[in-house]
1. Roll a 1.4 angstrom probe over the protein heavy atoms and tell me the percent of accessible area of the chain that is carbon or sulfur.
2. Please say if the range 1-132 is rounded, prolate or oblate, where rounded means a/c under 1.5 for a ≥ b ≥ c the square roots of the C-alpha gyration tensor eigenvalues, and otherwise the choice is prolate for a/b larger than b/c and oblate otherwise?
3. Which entries in LYS71/LYS125; LYS133/LYS226; LYS46/LYS133 show an alpha-carbon gap greater than 23 Å?
4. What is the angle, in °, between the Cα long axis of helix 31-45 and the longest principal axis of the Cα atoms in the chain? Nearest 10 is fine, range 0 to 90.
5. With contacts defined as alpha carbon pairs under 8 Å and 6 or more residues apart, what's the relative contact order of the range 33-133 in percent?
6. Tally the DSSP beta bridges in the range 54-174 and give the antiparallel ones as a percent, rounded to 5.
7. What does the C-alpha gyration tensor say about the overall shape of the range 30-82? Classify as rounded when a/c is under 1.5, otherwise prolate if a/b is larger than b/c, or oblate.
8. Which of the aspartates and glutamates could a cross-linker span from LYS153 if the Cα-Cα distance has to be under 15 Å and same-chain partners fewer than 8 positions apart are dropped?
Amino acid sequence: MVVHLVDGTYELFRHFYGLRRFNKGKDAPFGAVAGVLHTVLQMIEKGASHLGVATDHVIESFRNGLWPGYKTSEGMEPALLAQFHPLEDALAAMGVAVWPMVELEADDALASAAQLAAADVRVEKVCIWTPDKDLAQCVRGERVVQMDRRANKMRDAAAVREKFGVEPARIPDFLALVGDAADGYPGIDGVGEVTAARLLSQYGAIEDFPPQILAGERRSLALLFKQLATLRTDAPLFADVEELRWRGPTDGFAAWATKIGDARLLPRAEAQARNAAPT
């Protein structure tokens with residue numbers, strides 16, 4: 001089987017701002033939710049049988065206690081924030097495994113789910129659907145890959161090396177040195193992507209850098225940023241990968257489709273449920 005893991009937070013952002021541009025600034029109350037549901041249904045229509053969606057139930061996480069500049073919900077569009085919890089409920093009603101994260105982040109859930117799925121011998125491939133750079137650390141050969149919908153590319157380990165100049169396992173070190181503006185930490189002053197890749201290739205992990213290369217406060221900051229960039233893989237999301245099998249919408253999905261106001265959702269989900277392979 002192939003397991004598909006979807007970054008629900010990214011998809012919600014993508015559909016929200018895409019619809020805003022299309023509708024010239026007008027926000028439908030559940031427009032982005034409908035967009036994500038249609039995206040998941042499209043994946044099912046194309047053959048996805050086992051899938052899960054991770055979301056940020058709250059934007060803040062344990063990382064905010066480690067670095068004051070780490071990303072928060074401050075400044076986010078209220079119309080976007082208001083769709084996070086409805087998305088989680090609508091996905092569950094549609095019969096999709098959904099992981100709303102509180103102390104951890106959606107990215108940690110994706111990393112945890114990827115590790116759990118990859119440990120199952122029945123799983124042929126794990127596809128992580130997100131363009132986020134930090135998820136590149138989860139890539140393993142051609143078995144665990146990152147699907148970048150924005151660039152329309154699949155990244156296996158060779159593609160990660162080509163893009164960043166480092167192995168997937170060194171992505172936390174790489175981001176610690178160059179920073180990640182989306183997550184709110186700046187990296188180490190004067191270290192760009194080329195320099196970071198060269199240093200990591202020469203010395204390995206930041207912990208192994210000699211003092212003449214990185215010392216004092218710069219070293220402490222680099223190690224802190226690496227902690228921020230390192231995804232957790234210990235979230236107990238499921239005990240058996242079969243829990244991710246999509247078996248069709250629940251009885252409650254009709255009410256959600258009506259609430260969202262998209263008449264296409266229910267018949268599209270029901271059609272796929274009829275086509276689903278028997279378990």
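The values are calculated or read from the model by the stated rules, or taken from the named source; none is laboratory data. Quick caveat: nothing in here was measured; it's all calculated off a predicted structure. We place every Cβ from the backbone using ideal geometry, glycine too, and count neighbours over all the protein chains shown. When the accessible area is computed, the model is the full protein with side chains, heavy atoms only, and any ligands, DNA or RNA have been set aside. Shrake-Rupley method; radii C 1.70, N 1.55, O 1.52, S 1.80 Å.
1. Numbers: 6890 of 12960 Å².
The nonpolar share, carbon plus sulfur, comes to 53 percent.
2. Working: a/c = 2.21, a/b = 1.21, b/c = 1.84.
It comes out oblate by the Cα gyration axes.
3. Numbers: LYS71/LYS125 31 Å; LYS133/LYS226 13 Å; LYS46/LYS133 26 Å.
The answer is LYS71/LYS125; LYS46/LYS133.
4. That helix lies at roughly 90 degrees to the long axis.
5. Details: 85 pairs, mean separation 33.5, N = 101.
The value is 33 percent.
6. On the way: 4 of 11 bridges.
Approximately 35 percent, going by the DSSP bridge assignments.
7. On the way: a/c = 4.57, a/b = 1.86, b/c = 2.45.
Here the range 30-82 falls in the oblate category.
8. ASP132, GLU142, GLU162
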